[in-house]
Amino acid sequence: GIQVEQSPPDLILQEGANSTLRCNFSDSVNNLQWFHQNPWGQLINLFYIPSGTKQNGRLSATTVATERYSLLYISSSQTTDSGVYFCAVEPGQAGTALIFGKGTTLSVSS
Amino acid sequence: NAGVTQTPKFRVLKTGQSMTLLCAQDMNHEYMYWYRQDPGMGLRLIHYSVGEGTTAKGEVPDGYNVSRLKKQNFLLGLESAAPSQTSVYFCASSWADNNQPQHFGDGTRLSIL
C-alpha cells in the first residue's frame with residue numbers, strides 16, 4: 001500500500017521562528033489533508049490540499065502532486081502551535097480512508 | 001454546528017467486557033469511518049461505511065464490529081475487550097464526492113484493564 005513519510009519527526013523552536021514540515025508519499029493520491037493534534041488530543045483540520053498552495057494566516061501549505069510531496073509552513077511560531085502535525089492522504093476513489101503519516105511533534109517555547 | 005460527535009469521551013473497561021462507541025454526524029455525509037490512534041503513531045482505519053446499511057473492513061478490523069443503521073450514526077462495538085484495544089478512537093465523516101475533506105470528532109479515550 002501507499003507509504004506516507006513525514007519529516008522531521010521532532011522539532012523544537014523558539015517562539016517567533018519559522019519552520020517547514022514535509023510529507024512524502026509513495027503513490028498518486030486523490031486527496032491530502034494536514035492536521036494539527038493539540039495537547040488535548042483534538043484533530044484540527046488545517047488544510048485540504050491535493051495540489052497547489054493555500055494559506056491561512058501564519059500557516060500555508062503546498063502540494064506538488066507530480067513529485068509526491070507536500071510542505072506545511074509555519075511562520076512566526078507561537079506556543080499554541082505546539083502539538084503533533086499529521087499529513088494524511090487518500091489514495092483511491094472517494095470513500096477510501098485516509099492513510100496517516102506518523103506525524104511531526106512540534107514544541108515551541110517562549 | 002455540532003459536526004461529528006463521539007460518545008463517550010472516556011471509558012475504562014475490564015478485560016472481557018463489551019461496549020459500544022457512538023459516532024453521530026449532522027452534516028448528512030454519506031461516508032463514515034472509525035480509526036484508532038496508538039502512542040507515537042498516526043491513525044489507522046478500523047472499519048468504514050459508504051452508506052446506510054453498508055460497512056467494510058479497514059486496516060485493523062479484528063476484535064471490532066460496526067453498524068450503520070441510520071445515515072447519521074456509525075457504531076463501533078467491542079464484544080470482548082482486550083488490553084491491546086486500549087487506544088484513542090476517532091470517528092470521521094465525509095461527502096461521497098471526490099475532493100472533499102474528512103471531518104473528525106474529538107475522540108474517545110478507551111482503557112482496557
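Looking at region A:1-66, what strands (runs of 3 or more DSSP E) fall wholly within it and have at least 2 residues that are within 12 Å of chain B (Cβ to nearest Cβ) and within 13 Å of the chain's Cα centre (by Cα)? By residue number, A:4-7, A:31-37, A:43-48. When residues in region B:29-63 are screened for being farther than 30 Å from A:Asp10 by Cβ, more than 8 Å from chain A (Cβ to nearest Cβ), among the hydrophobic types (A, V, I, L, M, F, W, C) and open to solvent by 20 Å² or more (accessible area, probe 1.4 Å), 1 of them pass.
If you go through region B:64-84 and keep only what is closer than 17 Å to B:Gly16 by Cα and open to solvent by less than 10 Å² (accessible area, probe 1.4 Å), you end up with B:Leu76, B:Gly77, B:Leu78, B:Ala81. Scanning region B:88-98 turns up no residue that is more than 8 Å from chain A (Cβ to nearest Cβ), charged (D, E, K, R), out of contact with any strand residue (DSSP E or B) (no Cβ under 8 Å at 6 or more places or on another chain) and open to solvent by 70 Å² or more (accessible area, probe 1.4 Å). Among the residues examined, A:Val89 does not qualify as within 14 Å of chain B (Cβ to nearest Cβ) and under 19 Å from B:Pro39 (Cβ atoms). Somewhere in region A:5-22, is a residue open to solvent by 30 Å² or more (accessible area, probe 1.4 Å), in contact (Cβ under 8 Å) with a residue 40 or more places away in the chain and closer than 21 Å to B:Gly58 by Cα? Yes, because at least one residue in region A:5-22 is open to solvent by 30 Å² or more (accessible area, probe 1.4 Å), in contact (Cβ under 8 Å) with a residue 40 or more places away in the chain and closer than 21 Å to B:Gly58 by Cα. I'd like to know if region B:89-108 contains one or more residues that are part of a strand (DSSP E or B), farther than 17 Å from B:Val4 by Cα and more than 11 Å from the chain's Cα centre (by Cα). No. Scanning region A:79-92 for residues that are surrounded by fewer than 17 Cβ atoms within 10 Å (Cβ to Cβ) and more than 12 Å from A:His36 (Cβ to Cβ) yields A:Thr79, A:Gly92.
The values are calculated or read from the model by the stated rules, or taken from the named source; none is laboratory data. None of the values given here were measured: they were computed from a predicted structure. In this analysis, Cβ positions are derived from the backbone assuming ideal geometry, glycine residues included, and neighbour counts consider all displayed protein chains. Ligands, DNA and RNA are excluded from the accessible area calculation, which covers all protein heavy atoms including side chains. Shrake-Rupley method; radii C 1.70, N 1.55, O 1.52, S 1.80 Å.
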